[in-house]
Amino acid sequence: MKEIRDMNILAIESSCDETAAAVVHNGREVCSNIISSQIELHKLYGGVVPEIASRKHIEKINQVIEEALREAQVTLDDIDAVAVTYGPGLVGALLVGVAEAKAIAYARHLPLIGVHHIEGHISANYIEHPDLEPPFLCLVVSGGHTHLVCVRDYGKYEILGRTRDDAAGEAYDKVARAIGLGYPGGPKIDRLAKEGDPDAISFPRAHIADAPFDFSFSGLKSAVLNYINGCQMKGETFRPADVAASFQKAVVDVLVEHSMRAAEEYGMGRFAIAGGVASNSALRESMKKACEERDLKFYHPSPIFCTDNAAMIGAAGYYEYLAGTRHGWDLNAVPNLKLGER
């Protein structure tokens, strides 16, 4: 095997509705990053259908791996380890990636590294920011997760806050459906909100007294739905753009407020965002402004590394490898895997 400081990792991601493979060199250099998205298919149902997602992963996974190797101009002979998302996520979807990774690692006598999906999102920041090293704070916001994490070291995390109910991205999807935008809701609300007045409607911002860094978006989602239903029952019209802008401002205000409070309390000089909602323009602008006001260095991945992708799994897998993480052939999908578990 090559020196561990000079290695190629084949990474696989299939936790939800993207089938992805990548070749990552030394944890931060992306040689290829192939993503096969199922968004157009799941649009028909207004959200991800787990069984359909699993079937599509089976159809696509060999193709994306072959394309990732071809684009990186390598073969499996040049691969030093295989990294794969094994949780959290949809169990059927995860199983496809895990089975594929185990088969390749077994056949080629390669180390197998199971990676936590949220750790992958956090590690996406390493790809484009060579100066970023732990410790730092990271806000992970996506369709399934809203976590405020203290990254103590590579692979060592302390969760400071998490959502008590809906994730931020989940709330986006439900509100988008209510105002007739369809799936996926996040990008559509972000675009529509630019045409609206963020102060037109006063929606609630939830604060949890005994857990100042935790989030709750269920009440906000319900408030938006009640506002829309109230208008319809009274025969009143409403501007979808104003609803989108006011809803988005309520989400962003809470995310920024909690994050900045944590950065101050923990004395962190670096702050990062990650996950699908991290590509939201309002969140990026507000977080950047808040960090500048507090003299914090602000990091965020490019949009392609915010959504589910395998490059981030390769980055996380590299540092797990250096830490000695190896998984056996009994590695299984863990749909409710907690960050920090092995």
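The values are calculated or read from the model by the stated rules, or taken from the named source; none is laboratory data. Keep in mind that this is a model prediction, so the values were computed, not measured. As a convention, Cβ positions derive from the backbone with ideal geometry for all residues, glycine included, and neighbour counts pool all protein chains shown.
Among what's in region 24-62 and is hydrophobic (A, V, I, L, M, F, W, C) and within 19 Å of the chain's Cα centre (by Cα), pick the residue that is farthest from Pro301 (Cα to Cα). It comes out as Val49. Taking region 206-234, which residues are over 22 Å from Ile179 (Cα atoms) and either surrounded by fewer than 13 Cβ atoms within 10 Å (Cβ to Cβ) or not assigned by TED's automatic domain parsing to the domain that holds Ala245 (or both)? Scanning region 206-234 gives Ala209, Asp210. The number of residues in region 145-176 that are assigned to a loop (DSSP other than H, G, I, E, B) and in contact with a helix residue (DSSP H, G or I) (Cβ under 7 Å, 6 or more places away or on another chain) comes to 5.
Consider region 161-179 and keep the residues that are at pLDDT 90 or above and touching a Pro at 6+ places or on another chain (Cβ under 9 Å). The one that is nearest to Ala262 (Cα to Cα) is Gly161. For the criterion of being modelled with pLDDT of 95 or more and surrounded by 20 or more Cβ atoms within 10 Å (Cβ to Cβ), Ile34 passes. Given the criteria closer than 16 Å to Pro187 by Cα and outside any loop (DSSP other than H, G, I, E, B), does Ala290 qualify? No; evaluated as a whole, the condition is false for this residue. Per the conditions (1) surrounded by 21 or more Cβ atoms within 10 Å (Cβ to Cβ); (2) outside any loop (DSSP other than H, G, I, E, B); (3) not charged (D, E, K, R), the sole criterion not satisfied by Gly89 is (2). Residues in region 172-205 that are over 14 Å from Pro240 (Cα atoms), of a type in the set (Gly, Ala, Ser) and either under 22 Å from the mean Cα position of the chain (by Cα) or buried (at least 17 other Cβ atoms within 10 Å of the Cβ) (or both): Gly186 alone. When region 108-140 is filtered for residues that are among the aliphatic types (A, V, I, L, M) and within 20 Å of Gly269 (Cα to Cα), the ones remaining, listed by number, are Ile122, Ala124, Ile127, Leu132, Leu137, Leu139, Val140.
Here Ile79 meets each of (1) in the same structural domain as Leu296 (by TED's automatic domain parsing); (2) surrounded by fewer than 24 Cβ atoms within 10 Å (Cβ to Cβ); (3) β-branched (Val, Ile, Thr) with one exception, condition (1). In region 300-342, of all residues being part of a loop (DSSP other than H, G, I, E, B) and of a type in the set (A, V, I, L, M), the one that is surrounded by the fewest Cβ atoms within 10 Å (Cβ to Cβ) corresponds to Ala323.
Table: residues versus (1) without any contact (Cβ under 8 Å) to a residue 40 or more places away in the chain; (2) within 19 Å of Leu76 (Cα to Cα); (3) charged (D, E, K, R).
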residue	(1), (2), (3)
Met7	no, yes, no
Leu10	no, yes, no
Ala20	no, yes, no
Arg28	no, no, yes
Ile34	no, yes, no
Ser37	yes, no, no
Pro50	no, no, no
His57	no, no, no
